[in-house]
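S.K.: Below are the structure tokens for one structure; questions will follow.
Just so it is clear, none of the values below were taken in a lab; they were calculated from the coordinates. The model shown is predicted, which means the values in this text are computed figures rather than measured ones. Quick reminder, even Gly has a Cβ in these numbers, built from the backbone with ideal geometry, and neighbours come from all protein chains shown.
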Amino acid sequence: MNFTNKAWVKLSTLSVPRRNRDKDEGAGFVEYGAILVFVALIAMMVMNAGIGARIAQGITSTIDGVFRAP
């Protein structure tokens, strides 16, 4: 099990008290926080890897190609 899965399991078990674990009532505050942290980590990895610049360059070149006169 990788780090993300372990963290998700740990945060999920902390969000629901033991007596109410059998009753699933939806996502709690901790689960939403975990999702937010996970999305932020993915965004940081993309920005640090330089993928964002490549995506921006691809979009720019595609738009230039569409609007370029034939």
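S.K.: Tell me the label-point distance for the pair Val37, Arg54, using the 7 Å Cα-to-Cβ offset, in nm and rounded to one decimal.
M.R.: 2.9
S.K.: Additional query: Once fully extended, how much extra length lies between Met45 and Trp8, figured as 0.36 nm per residue of separation less the alpha-carbon to alpha-carbon distance?
M.R.: So the extension gain works out to 11.5 nm.
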